[in-house]
Every structure is written in structure tokens, then in C-alpha cells.
1. Enumerate the calculated ³J(HN,Hα) couplings along region 44-54 in order (Karplus 6.51 cos²θ - 1.76 cosθ + 1.60, θ = phi - 60°), each rounded to whole Hz, writing x wherever the residue is Gly or Pro.
2. State whether region 66-125 is rounded, prolate or oblate according to the following rule on the C-alpha gyration tensor (a ≥ b ≥ c being the square roots of its eigenvalues): a/c under 1.5 gives rounded; otherwise a/b larger than b/c gives prolate, and the remaining case gives oblate.
3. Count neighbours as other Cβ atoms within 10 Å of each site's Cβ, and list the trypsin sites (Lys or Arg not before Pro) in region 1-97 that are DSSP loop with at most 10 such neighbours.
4. Any chance you could list the semi-axes, whole Å, largest first, of the equivalent ellipsoid that the Cα gyration tensor gives for the chain, using √(5λ)?
5. Fully extended, how many nm does the chain gain between LEU16 and LYS79 (0.36 nm per residue separation, minus their Cα-Cα distance)?
6. Would you pull out the residues with amide H under 5 Å of HIS24's amide H, same chain only if 5 or more places away, H placed 1.01 Å from N?
Amino acid sequence: MRGNELRALLHPLLLLLIFERPSHGYDLIERLCDLGVPDIEPGQVYRMLRGMESGRAVVSVWETARSGPARRRYELTAKGLGELQAWSDRLSRLGGVIDVWLGRWATASDAPHTVPHPSGVAAPR
């Protein structure tokens with residue numbers, strides 16, 4: 001998946017990652033790769049995190065390390081946990097629709113079909 005499909009899922013993906021382990025943006029971007037989202041733009045992630053923070057789904061705290069610059073660590077709020085649970089329900093329903101679609105595609109793609117030819121004459125597949 002890429003593009004718009006992934007952007008639509010970025011919010012629940014980030015909620016899950018922060019629920020699993022509060023972290024800073026760069027770490028979240030690396031962990032998105034583990035979920036199968038390798039080419040996400042860092043700017044998209046940071047914009048989403050800022051939006052989630054202004055929507056009170058997450059809070060950020062400055063974390064200072066002995067070496068390197070201070071970083072924001074994002075943590076889930078009670079509101080964010082509620083959003084995560086709602087996304088779980090929505091994605092579960094979507095998963096069911098996708099499973100049905102994949103099953104029907106598997107059945108349909110195994111059956112002989114005719115494909116309309118640009119001339120209007122059906123050609124066997």
C-alpha cells in the first residue's frame with residue numbers, strides 16, 4: 001500500500017505504536033516500517049502527531065538525553081485510547097470487507113471470463 005491508503009491509516013497506526021511504547025517521532029517513523037509502511041514522509045508523520053496533540057489524543061513531553069538534542073516523546077491520553085479502540089472496531093469491520101473481497105476475487109479470477117474488446121467484441125480471457 002502507498003499514497004492515500006497509507007495516509008488514511010497513519011492516525012490509527014501511530015496511536016497503536018504510541019500505545020505500545022511512547023516514543024519520539026523518528027522512532028515512530030522507524031517502527032512504521034515494521035508495520036509495512038516503509039516510505040512514509042517524515043513531514044506527514046510530524047503533521048499528524050501535531051494534529052493528534054492539538055486534538056488531545058496524545059501529549060508530548062520534552063525528553064533530554066545526555067547526548068544529542070532534546071526530543072518530544074509522545075504519550076497516549078485517555079482520549080487517544082478511546083480513539084484507538086474506535087479505530088480497532090472500524091478496522092476490524094474493514095478487514096471483514098477486505099476478506100470477502102479477496103475471497104470473491106480469488107473465485108472470480110479462477111473462472112473463465114470474457115473481457116470486452118475496445119472494438120465492442122468480447123474476447124475470451
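Here, each number is a calculation from the coordinates, and none is a lab measurement. Values in this document were obtained by computation on a predicted structure and should not be read as measured data. So basically every Cβ, Gly included, is an ideal-geometry build from the backbone, and we count neighbours across all protein chains shown.
1. Running phi through 6.51 cos²θ - 1.76 cosθ + 1.60 with θ = phi - 60° gives 5, 5, 5, 5, 5, 4, 5, x, 5, 6, 5 Hz.
2. On the way: a/c = 4.76, a/b = 2.58, b/c = 1.85.
Judged from the Cα gyration tensor, region 66-125 comes out prolate (a/c at least 1.5, a/b above b/c).
3. Working: sites: ARG2, ARG7, ARG31, ARG47, ARG50, ARG56, ARG66, ARG71, ARG72, ARG73, LYS79, ARG90, ARG93; in loops: ARG2, ARG56, ARG66.
Sparse-neighbourhood loop trypsin sites (Lys or Arg not before Pro): ARG2, ARG66.
4. The answer is 42, 17, 12 Å, longest axis first.
5. On the way: separation 63, 0.36 × 63 = 22.68 nm, distance 1.33 nm.
Residue separation times 0.36 nm, minus the Cα-Cα distance, leaves 21.4 nm.
6. HN-HN under 5 Å from HIS24: TYR74.
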